[in-house]
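Visitor: Got a structure for you, questions after.
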Amino acid sequence: MMKKIFFGILLVVSMGIISGCMVTEDYDEYERQQFRSAEEISEVIVTDSSTNYTLQVSDTEELLVEYSDSPTQSWYNIDVADGTLKIEKTQGTVGVEENSVIITLPEKEYQSIAIETSNGDITFENVFSDKYKCSVENGDITGTLNGSEADYLIVVKTENGDSNLKNNVIESSKSIEFNVENGNVDINFSE
């Protein structure tokens with residue numbers, strides 16, 4: 001019996017180490033950080049897990065990313081290069097209470113916004129882009145996009161949830177591709 005308990009504990013610890021996941025029991029082990037850039041961007045690419053994302057616009061010339069991070073070992077790679085904001089989570093953050101990223105973009109039309117996260121919601125607040133490609137395993141995609149729904153080629157897939165957007169297969173340079181496994185899509189348009 002003791003052998004089974006020992007091997008069970010060993011298995012759990014091994015899985016945590018292999019997955020690169022950090023379990024945080026002390027919420028003082030992280031702090032809110034900011035990344036700022038005055039470089040002009042036209043694309044946003046996010047690869048993450050277990051994080052809520054909010055994209056919003058502001059009457060500013062500066063990009064701002066607010067996020068939770070470890071003061072000793074960064075969980076994120078955030079960079080602006082060649083007109084692209086790239087955010088990549090490099091380590092899991094189980095147990096982090098304020099596990100959200102808020103991206104405030106200068107108010108303009110973007111070429112592409114792509115976000116992939118496993119557990120978390122994606123919220124848009126009056127963002128305007130030619131292309132949206134978002135994927136969520138467990139979470140919702142919600143909010144308001146600037147523009148008109150009729151202008152976009154729309155492909156939405158929800159496996160265990162609902163969507164207020166219907167597929168709109170038209171010829172267009174503008175597109176929306178949302179894939180949600182367990183969650184809903186609830187998107188409105190400004191026009």
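The values are calculated or read from the model by the stated rules, or taken from the named source; none is laboratory data. None of these values were measured; they are calculated from a predicted model. All Cβ positions, glycine included, derive from the backbone under ideal geometry; neighbour counts span all protein chains shown.
Visitor: Here is a check on your reading of the model: is ILE102 within 26 Å of LYS174 (Cβ to Cβ), surrounded by fewer than 18 Cβ atoms within 10 Å (Cβ to Cβ) and out of contact with any helix residue (DSSP H, G or I) (no Cβ under 8 Å at 6 or more places or on another chain)? Write out each step before concluding.
Guide: On the way: within 26 Å of LYS174 (Cβ to Cβ): yes; surrounded by fewer than 18 Cβ atoms within 10 Å (Cβ to Cβ): yes; out of contact with any helix residue (DSSP H, G or I) (no Cβ under 8 Å at 6 or more places or on another chain): yes.
Yes; evaluated as a whole, the condition is true for this residue.
Visitor: Looking at the stretch 105-122, which of the residues that are surrounded by fewer than 19 Cβ atoms within 10 Å (Cβ to Cβ) and among the hydroxyl-bearing types (Ser, Thr, Tyr) is farthest from ASN179 (Cα to Cα)? Before you say what the answer is, go through the steps one by one.
Guide: Restricting attention to the stretch 105-122, the residues satisfying the condition of being surrounded by fewer than 19 Cβ atoms within 10 Å (Cβ to Cβ) are 106-109, 111-112, 114, 116, 118-119.
Next, only the ones that are among the hydroxyl-bearing types (Ser, Thr, Tyr) stay: 112, 118.
Working: SER112: 16, SER118: 11 Å.
In this case the residue turns out to be SER112.
Visitor: Another question, if that's okay. Scan the stretch 127-136 and give yes if some residue there is on the phi > 0 side of the Ramachandran plot and crowded, with 21+ Cβ neighbours inside 10 Å, otherwise no. Even if it seems obvious, please write down each step before you answer.
Guide: Looking only at the stretch 127-136, we keep the residues that are on the phi > 0 side of the Ramachandran plot, and these are none.
Taking every residue of the stretch 127-136 in turn, none turns out to be on the phi > 0 side of the Ramachandran plot and crowded, with 21+ Cβ neighbours inside 10 Å.
Visitor: Could you list, ordered by first residue, the pairs with Cβ atoms under 7 Å in which the first is in the stretch 72-90 and on the phi > 0 side of the Ramachandran plot and the second is surrounded by 13 or more Cβ atoms within 10 Å (Cβ to Cβ) and not in a loop (DSSP other than H, G, I, E, B), at least 6 apart or interchain?
Guide: GLY83/GLU43
Visitor: Here's something else I'd like to know. When the residues of the stretch 165-191 are filtered to those that are of a type in the set (S, T, N, Q) and in contact (Cβ under 8 Å) with a residue 24 or more places away in the chain, which remaining residue is nearest to GLY143 (Cα to Cα)?
Guide: Of the stretch 165-191, the ones of a type in the set (S, T, N, Q) are 167-168, 172-173, 175, 179, 182, 184, 188, 190.
Then drop every residue that is not in contact (Cβ under 8 Å) with a residue 24 or more places away in the chain, which leaves 173, 175, 179, 182, 184, 188, 190.
Details: SER173: 22, SER175: 17, ASN179: 15, ASN182: 18, ASN184: 12, ASN188: 6, SER190: 10 Å.
Per the criteria, the residue is ASN188.
Visitor: In the stretch 19-50, which residues are at pLDDT 90 or above and closer than 12 Å to LYS89 by Cα?
Guide: Scanning the stretch 19-50 gives ILE45, VAL46, THR47, ASP48.
Visitor: On to the next question. Take residues that are of a type in the set (Gly, Ala, Ser) and out of contact with any Gly (no Cβ under 9 Å at 6 or more places or on another chain) and tell me which of the strands (runs of 3 or more DSSP E) falling wholly in the stretch 66-176 contain 1 or more. Lay out the reasoning, then the answer.
Guide: Details: elements: 76-81, 84-89, 92-94, 100-106, 109-119, 122-138, 141-145, 153-160.
So the answer is 76-81, 109-119, 122-138, 141-145.
Visitor: Further, regarding this structure: Any idea which residue in the stretch 137-163 is nearest to THR54 (Cα to Cα), counting only those that are among the hydrophobic types (A, V, I, L, M, F, W, C), within 18 Å of the chain's Cα centre (by Cα) and crowded, with 20+ Cβ neighbours inside 10 Å?
Guide: Quick first cut of the stretch 137-163, residues among the hydrophobic types (A, V, I, L, M, F, W, C) only: 141, 145, 150, 153-156.
Retained after the next criterion (residues that are within 18 Å of the chain's Cα centre (by Cα)): 141, 145, 156.
Then drop every residue that is not crowded, with 20+ Cβ neighbours inside 10 Å, which leaves 141, 145.
Numbers: ILE141: 10, LEU145: 12 Å.
Per the criteria, the residue is ILE141.
Visitor: Please determine, by comparing only the residues of the stretch 51-76 that are in contact with an Asp or Glu (Cβ under 7 Å, 6 or more places away or on another chain), of a type in the set (Ser, Thr, Tyr) and modelled with pLDDT of 95 or more, which one is farthest from VAL101 (Cα to Cα).
Guide: So, considering only residues that are in contact with an Asp or Glu (Cβ under 7 Å, 6 or more places away or on another chain), of a type in the set (Ser, Thr, Tyr) and modelled with pLDDT of 95 or more, the one farthest from VAL101 (Cα to Cα) is SER58.
Visitor: Mind checking which residues of the stretch 25-66 are touching a Phe, Trp or Tyr at 6+ places or on another chain (Cβ under 6 Å) and crowded, with 18+ Cβ neighbours inside 10 Å?
Guide: Result: LEU55, VAL65.
Visitor: Still on this structure, I have one more. Take the conditions closer than 22 Å to TYR132 by Cβ, of a type in the set (D, E, K, R) and modelled with pLDDT of 95 or more and apply them to ASP79. Does it pass?
Guide: Details: closer than 22 Å to TYR132 by Cβ: yes; of a type in the set (D, E, K, R): yes; modelled with pLDDT of 95 or more: yes.
Considered against the rule, which asks whether it is closer than 22 Å to TYR132 by Cβ, of a type in the set (D, E, K, R) and modelled with pLDDT of 95 or more, ASP79 comes out as yes.
Visitor: Filter the stretch 42-65 down to residues that are among the polar types (S, T, N, Q), part of a strand (DSSP E or B) and closer than 22 Å to GLU109 by Cα, then give me how many there are.
Guide: Residues of the stretch 42-65 among the polar types (S, T, N, Q): 42, 47, 49-52, 54, 56, 58, 60.
From what's left, part of a strand (DSSP E or B): 47, 52, 54, 56, 58.
Now narrow it down to the ones that are closer than 22 Å to GLU109 by Cα: 47, 54, 56, 58.
Number satisfying all stated conditions: 4.
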